[in-house]
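Here the structure is laid out as structure tokens; the discussion comes afterwards.
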Number of protein chains: 2
Amino acid sequence: MTGLFVTGIGHLTTNDGDSVRDAVVVVDDGRVSWAGPASDAPEAGDRTVLDCGGRAVIPGFVDAHTHLVFAGDRSDEFRRKMAGEDYRSIAASGGGIRSTVRATRQESEDELFELAAERLRRMAAAGTTAVEIKSGYGLDTGTETRLLRVARRVGEELGIPVRTTFLGAHAVPEGMDRDAYLDLLVGEMIPAVAGLADYCDVFVEDGAFTVDEAREILATAATHGMRARVHAEQLTRSGGALLAAELGAVSADHLDRATPEDAAALAAAGVAAVLCPGASYMLRSPQAPGPMLWEAGCVVAIATDCNPGTSYFESMAPIISLAVVQMGLTVEQAIWAATRGGALALEMPDRGIIRPGATGDLVVLDAPDPAHLPYRPGTDLVWLTIRSGDTAEPA
Amino acid sequence: MTGLFVTGIGHLTTNDGDSVRDAVVVVDDGRVSWAGPASDAPEAGDRTVLDCGGRAVIPGFVDAHTHLVFAGDRSDEFRRKMAGEDYRSIAASGGGIRSTVRATRQESEDELFELAAERLRRMAAAGTTAVEIKSGYGLDTGTETRLLRVARRVGEELGIPVRTTFLGAHAVPEGMDRDAYLDLLVGEMIPAVAGLADYCDVFVEDGAFTVDEAREILATAATHGMRARVHAEQLTRSGGALLAAELGAVSADHLDRATPEDAAALAAAGVAAVLCPGASYMLRSPQAPGPMLWEAGCVVAIATDCNPGTSYFESMAPIISLAVVQMGLTVEQAIWAATRGGALALEMPDRGIIRPGATGDLVVLDAPDPAHLPYRPGTDLVWLTIRSGDTAEPA
């Protein structure tokens, strides 16, 4: 594989110091070997030359929170929710997460793979170069392991790095006793997914799981090699963030209702704050306090939260728009959070940054300045995605 | 030109009665000749057959409010505004509408055409099949006529129907006395744009033009064959809607602060309400009371308001999302407003509807239900756009 010499970069966001005007990036053997002003650049030599014609370049997006392996169609439920129908009425008529669980359990591994691969291909076309995928629509041992196998396979076959997360503690499944499900989670499911999941996540929320239940689940997961992530403070402040800090979790996610106390604890414990502005938008609820978390010293990531119930986003561009316009991050903070923040939240230190040694994941924007991403919502500005120095589309 | 036989439509939105499952649309000589359930459809005969494979079909989008002929780049101003910089500070450093006016005046007609054509091609690729284009970034006779010529030409060369609107009364130009500009508008500019503009529009707002000024401008325009549109009640309730009703204007636009009194007057006078949810989103201000206007009996349209200052949207899909999620229109209302509502607001009665005699403008969505449009924001769901029965892309 010959190297790639990316020239004519009008504006380069490296996440490693100030942005550079008129820049060059060199990628050799899949990794950045040089990045900086064109005036100081090495010779192209026998590398393939890519002239960006003054376009802006940023690191590839790292989407640190998705639920992209699922089946079923909940667009009609969305229609009804937006028309004001009550959540309980929708649930009573078979809607809500349980409808996704029913549809997902019925699908074969190959069918689930095809659905996930279509989504991941669209994500990749929109500039995403690494992604986290949660299970959580099986809620039984067989389906949860199937979802995690699909999550691994979709990354391998498309050549996109995937981190997998076991989210059996997404909801108590229909028709099952709560204590029995907790026993199943701890006694059977977690041992069964060991090796398939990099992380274990718990939805800590009124109506989902308590802090004490989450502590037990995550402690068991840790003994099976899975580090913790926590769905925390999304709809109510229920203590998930403080638990994440107590356990030294990799991330606390959502955080719409997080307080300064939560932010200080997360920052002190080095827990990444993974914010999901698409979900807050679709739920018509307040955005997470992104600027406050940033100021408190948290590693802030923003993610699509791609899921069929509350945030069916696949592209990071509208997430950046929401993070700037609704949440109040600056343009530079939002782009950092969508790239470097996501990478750190997935323990991928060589991604989301453009400096020697980093993976050669770049997005070339069809615009002279990355501020065009939130400034022009709904226009596809991804001109080219480069993954490990390769300009080809995923398989 | 042979006819088009569109089959395999999983869900057809006609805007002419209930939606149809498993439908067929036939287009002959550019116009719909038949639409309805597949079981009743005529034979395809020698028409070209297009199998939609179960996808949903809706009428083409009609974008009834854009300012798409402009030059310059205000992305850095957007960055500063989002970071909290005050409007006056931005204006003092050369930003705001005046920066677009400066940049636009400097460009040749061909350069402005290329910029507008790029935008209109992207709009067309996103499913827009007819569009309104306002001038208003010249604010002198020569540039305003240039902008209107460009607006006409871009529609002709791309084969996309365009309605043009003279918006010399967008702002008082830099360095010019207010009364002198009003004299210029009425005495020179309006006569000069007669024949180039279908409509005349006035920005009625604190800091822009008063109701009395607008009345005089629009009365003069009427004597030159231009019907009225009014930018009304966007940032404050300043009386533009009642003026639009009084004058029997074609539309009142924005209406973010419209009251039930305004709505009743618009409905009674048959003035279309053209809402711009992208601008409210980007300005972080309340959405127009779309449901209230709808209930009052107004023809409600939603539009991109494509412009470089407050709403740089080109695609109608995110506008539908905002209309549903933020404004509270139902999915069906929002889709109607983006198609039939836009057509009626542009006096194009044979567009935005799928019935015999209507123009054969269709959008095939890569989804089984049009609710996917607002349900999956940021994912490009336009599988194919058909313009007057033609599946080719614009020139």
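The values are calculated or read from the model by the stated rules, or taken from the named source; none is laboratory data. Only a predicted model underlies this, so the values are computations on that prediction, with no experimental measurement involved. Positions of Cβ are generated from backbone atoms using ideal geometry, with glycine treated the same way; all protein chains shown enter the neighbour counts. Heads up: the accessible areas ignore ligands, DNA and RNA and are worked out on the full protein's heavy atoms, side chains in. Shrake-Rupley method; radii C 1.70, N 1.55, O 1.52, S 1.80 Å.
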Checklist entry - On average, how much accessible surface per residue is there in segment A:72-157, in Å², for a 1.4 Å probe, leaving out ligands, DNA and RNA? => result 39
Checklist entry - Going out from 0 in 5 Å bins, what whole percent of all Cα-Cα distances in segment A:165-270 drops into each bin? => result 2, 14, 26, 24, 19, 10, 4, 1, 0
Item to check | Potential extension, A:THR48-A:GLU114 segment - 0.36 nm per residue separation minus Cα distance | outcome: 20.4 nm
Next on the checklist: With the label 7 angstrom out along Cα to Cβ, how close does A:ARG21 come to the same site in each of the other copies, in nm, nearest first?
Outcome noted: 6.0
Checklist entry - Any idea which of B:THR164, B:GLY84, A:ALA338 is furthest toward the positive side of the dipole for the protein assembly as shown, if Lys and Arg beta-carbons carry +1 and Asp and Glu beta-carbons -1? => result B:GLY84
Checklist entry - What share of the DSSP beta bridges in the protein assembly as shown is antiparallel, in percent to the nearest 5? => result 40
Checklist entry - Using a probe radius of 1.4 Å on protein heavy atoms only, what is the accessible area buried between chains B and A, both sides summed, to the nearest 100 Å²? => result 3300
Checklist entry - What's log10 of I(q)/I(0) for chain A at q = 0.06, 0.09, 0.10, 0.13 Å⁻¹, Debye sum over Cα points only, no solvent? => result -0.22, -0.50, -0.62, -1.03
Item to check | Of B:ALA265, B:THR223, B:MET316, farthest towards positive along the dipole that unit charges on Lys, Arg, Asp, Glu beta carbons give segment B:203-327 | outcome: B:MET316
Item to check | segment A:261-395: relative contact order as a whole-number percent, Cα under 8 Å and 6+ apart | outcome: 20
Checklist outcome for this item: Projected onto the charge dipole of segment A:1-98 (unit charges on the beta-carbon of Lys, Arg, Asp and Glu, signs +1, +1, -1, -1), the Cα from A:PHE5, A:SER93, A:ILE58 with the largest positive-side position is that of A:SER93
Checklist entry - In a shell of Cβ-Cβ distance under 12 Å around A:TYR199, excluding A:TYR199 itself, what net charge do Lys and Arg (+1) and Asp and Glu (-1) give? => result -1
Checklist entry - Under the classification rounded if a/c is under 1.5, otherwise prolate if a/b is larger than b/c and oblate if not, where does segment A:318-395 fall, given a ≥ b ≥ c as square roots of the Cα gyration tensor eigenvalues? => result oblate
Item to check | In order through segment A:162-170: 3J(HN,Hα) via Karplus (6.51 cos²θ - 1.76 cosθ + 1.60), integer Hz, x for Gly, Pro | outcome: 10, 9, 9, 9, 7, 10, x, 8, 8
Checklist entry - Which value, in debye to the nearest 20, describes the size of the charge dipole of segment A:17-87 about its Cα centre when Lys and Arg Cβ atoms bear +1, Asp and Glu Cβ atoms bear -1, and nothing else is charged? => result 240
Checklist outcome for this item: Here segment A:208-215 yields Karplus 3J(HN,Hα) values (6.51, -1.76, 1.60; θ = phi - 60°; whole Hz; Gly and Pro given as x) of 10, 10, 7, 4, 5, 4, 4, 4
Checklist entry - At what distance in nm do the modelled label points of A:ALA180 and B:ARG355 sit from each other, each positioned 7 Å from its Cα along Cα→Cβ? => result 5.6
Checklist entry - Taking the alpha-carbon centroid of each part, what is the distance from segment B:26-41 to segment A:18-40 in angstrom? => result 56
Next on the checklist: Treating only the Cβ of Lys, Arg, Asp and Glu as charged (+1, +1, -1, -1), what charge dipole size does chain A show about its Cα centre? Round to the nearest 20 debye.
Outcome noted: 460
Checklist entry - Which value in deg cm²/dmol, rounded to the nearest 500, describes the helix-derived mean residue ellipticity at 222 nm for chain A, given -39,500 (n - 2.57) per DSSP H run of n ≥ 4 and division by the residue count? => result -9500 deg cm²/dmol
Next on the checklist: Please compute the contact order of segment B:211-336 in relative form: average sequence separation of alpha-carbon pairs under 8 Å and at least six residues apart, divided by the residue count, as a percent.
Outcome noted: 18
Next on the checklist: Need one word for segment B:256-395: rounded, prolate or oblate. Basis is the Cα gyration tensor (sqrt eigenvalues a ≥ b ≥ c); a/c below 1.5 gives rounded, then a/b vs b/c decides.
Outcome noted: oblate
Checklist entry - In nm, to one decimal, how far is the B:ASP40 label point from the A:GLU295 one, both placed 7 Å along Cα→Cβ? => result 6.3
Checklist entry - When the accessible area of each residue in segment B:253-295 is compared between its chain alone and the complete protein assembly (1.4 Å probe; ligands, DNA and RNA ignored), which residues differ by at least 30 Å², being lower in the assembly? => result B:TYR281, B:MET282, B:ARG284
Checklist entry - Cα atoms only, segment B:103-229: Rg and Dmax in Å? => result 14.5, 43
Next on the checklist: Largest first and in whole Å, what are the equivalent-ellipsoid semi-axes of segment B:49-128 based on the Cα gyration tensor, each being the root of 5 times an eigenvalue?
Outcome noted: 35, 18, 9
Next on the checklist: With a cut-off of 8 Å between alpha carbons and a minimum separation of six or more residues, what is the relative contact order of chain B in percent?
Outcome noted: 20
Item to check | Within straight-line cross-link reach of A:LYS81, aspartates and glutamates at Cα separation under 16 Å, skipping those fewer than 8 residues along the same chain | outcome: A:ASP73, B:GLU332, B:ASP369
Checklist outcome for this item: Rounded to one decimal in Å, the inverse mean reciprocal Cα-Cα distance for segment B:1-147, i.e. its Kirkwood radius, is 18.9
Next on the checklist: Using a 1.4 Å probe on the protein heavy atoms, what percent of the accessible area of segment B:206-354 belongs to carbon and sulfur?
Outcome noted: 56
Checklist entry - Relative to the longest principal axis of chain B, what angle (0 to 90°, nearest 10) does the C-alpha long axis of helix B:316-325 take? => result 90
Next on the checklist: Averaging the inverse of every distinct alpha carbon separation and then flipping it gives the Kirkwood radius. What is it for the protein assembly as shown, in angstrom units?
Outcome noted: 27.4
Checklist entry - Average partner chain C-beta neighbours within 10 Å, per residue of A:76-88? => result 4
Next on the checklist: Let's see if you can work this out: charge +1 on each Lys and Arg Cβ, -1 on each Asp and Glu Cβ, no other charges. What is the dipole magnitude of segment B:1-154 about its Cα centre, in debye to the nearest 20?
Outcome noted: 740
